[in-house]
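Colleague: Quick one: structure below, then a few questions.
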Amino acid sequence: MKNTFSKGFTLVELLIVITILAALAAAVVVVLNPAELMAQARDSQRMNDLITVRDALLYLVAHGTSPILCVDGNIAGGGCHDGGICMMDPGPGNGPFSVQNCGAPSNQDRTVGGAGWVDVNLTGFAFGGSPITVLPVDPVNTAQFFYAYKATAGALGTFKLAGRLESVRYRPMMINDGGTRNDCAIHTAATCFYEIGSNLAL
């Protein structure tokens with residue numbers, strides 16, 4: 001008579017395999033750090049968003065019919081805000097500009113006709129249209145992570161855009177961007193922002 005009995009895994013062997021798999025999974029999580037990877041992806045979007053707006057403003061200065069970016073009373077939706085405009089309200093003393101405030105109330109309007117958080121008419125080109133269809137918004141968009149804009153009234157193309165980066169990989173860019181908000185011992189401090197534009201001293 002043929003023996004059809006086949007030996008299976010013992011409980012001890014299964015526990016050893018499960019332990020090894022758990023250790024490997026933990027190692028993968030530590031090495032890859034999904035939270036950091038997600039933060040890096042958001043930071044990439046932030047930098048791309050601000051670069052897109054900066055390039056649209058510079059293009060308007062070079063080719064637009066109304067190249068001054070902030071003139072009291074001449075911009076649809078209110079004119080020049082001396083303290084700047086924040087997409088979200090960071091609270092007193094927590095803004096990205098020289099006075100560390102956003103002088104206007106927070107503005108979540110994303111339209112490009114002059115009433116948005118960038119109070120510039122980006123449709124003011126001699127050939128018509130706009131280089132961007134809608135103003136971007138921070139991927140988190142809270143009182144800590146938001147976009148902001150400021151320009152100097154009457155000055156040709158003088159402006160600054162600001163946002164905050166969160167990932168360990170990209171945080172040093174807030175220190176080395178040439179702006180005034182580069183004290184980043186705490187990356188969410190009022191003194192720490194990523195800044196780009198034509199005048200980073202604003």
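Colleague: Inside the range 162-202, can you point out the residues that are of a type in the set (S, T, N, Q) and surrounded by 16 or more Cβ atoms within 10 Å (Cβ to Cβ)?
Modeller: Initially, the range 162-202 is screened for residues of a type in the set (S, T, N, Q), giving 167, 176, 180, 182, 188, 191, 198-199.
Correct list: SER167, THR180, ASN182, SER198.
Colleague: Out of the residues in the range 114-134 that are hydrophobic (A, V, I, L, M, F, W, C) and touching an Asp or Glu at 6+ places or on another chain (Cβ under 8 Å), state the one that is modelled with the highest pLDDT.
Modeller: Across the range 114-134, the extreme among qualifying residues is TRP117.
Colleague: Can THR111 be described as more than 18 Å from ILE196 (Cα to Cα), surrounded by fewer than 16 Cβ atoms within 10 Å (Cβ to Cβ) and either at pLDDT 90 or above or among the hydroxyl-bearing types (Ser, Thr, Tyr) (or both)?
Modeller: Against the criterion (more than 18 Å from ILE196 (Cα to Cα), surrounded by fewer than 16 Cβ atoms within 10 Å (Cβ to Cβ) and either at pLDDT 90 or above or among the hydroxyl-bearing types (Ser, Thr, Tyr) (or both)), THR111 does not qualify.
Colleague: Out of the range 65-77, which residues are touching a Gly at 6+ places or on another chain (Cβ under 8 Å) and either at pLDDT 90 or above or surrounded by fewer than 22 Cβ atoms within 10 Å (Cβ to Cβ) (or both)?
Modeller: THR65, SER66, PRO67, ILE68, VAL71, ASP72, GLY73, ALA76, GLY77
Colleague: Of PRO90, PRO96, PRO105, which residue is over 13 Å from TYR149 (Cα atoms) and either without any contact (Cβ under 8 Å) to a residue 24 or more places away in the chain or buried (at least 18 other Cβ atoms within 10 Å of the Cβ) (or both)?
Modeller: PRO90
Colleague: Hey, another quick one. Hey, among ALA115, ALA126, which residue is among the hydrophobic types (A, V, I, L, M, F, W, C), out of contact with any strand residue (DSSP E or B) (no Cβ under 9 Å at 6 or more places or on another chain) and touching a residue at least 24 places away in the same chain (Cβ under 8 Å)? First the steps, then the outcome.
Modeller: Values: ALA126 fails: out of contact with any strand residue (DSSP E or B) (no Cβ under 9 Å at 6 or more places or on another chain).
Of ALA115, ALA126, the one residue that is among the hydrophobic types (A, V, I, L, M, F, W, C), out of contact with any strand residue (DSSP E or B) (no Cβ under 9 Å at 6 or more places or on another chain) and touching a residue at least 24 places away in the same chain (Cβ under 8 Å) is ALA115.
Colleague: Determine, yes or no, whether ASP49 is touching a helix residue (DSSP H, G or I) at 6+ places or on another chain (Cβ under 9 Å), in a helix (DSSP H, G or I), at pLDDT 95 or above and surrounded by 11 or more Cβ atoms within 10 Å (Cβ to Cβ).
Modeller: Taking the combined requirement at face value, the residue does not satisfy it.
Colleague: Being within 27 Å of MET38 (Cβ to Cβ), touching a helix residue (DSSP H, G or I) at 6+ places or on another chain (Cβ under 8 Å) and in a loop (DSSP other than H, G, I, E, B) is the filter here, so list the residues in the range 146-172 that pass it.
Modeller: Across the range 146-172, the qualifying residues are TYR147, ARG164, LEU165, GLU166, SER167, VAL168, ARG169, TYR170.
Colleague: Quick check on my filter: what residues within the range 116-159 are touching a Lys or Arg at 6+ places or on another chain (Cβ under 7 Å), farther than 19 Å from GLY95 by Cα and crowded, with 16+ Cβ neighbours inside 10 Å?
Modeller: LEU135 - this is the single residue of the range 116-159 that is touching a Lys or Arg at 6+ places or on another chain (Cβ under 7 Å), farther than 19 Å from GLY95 by Cα and crowded, with 16+ Cβ neighbours inside 10 Å.
Colleague: Within the range 78-90, is there a residue that is in contact with a Ser or Thr (Cβ under 9 Å, 6 or more places away or on another chain), at pLDDT below 75, in a loop (DSSP other than H, G, I, E, B) and among the hydrophobic types (A, V, I, L, M, F, W, C)?
Modeller: yes
The values are calculated or read from the model by the stated rules, or taken from the named source; none is laboratory data. Just so it is clear, the model here is predicted, and its values are computed rather than measured. No Cβ is skipped: glycine too gets one built from the backbone with ideal geometry, and neighbour counts run over all protein chains shown.
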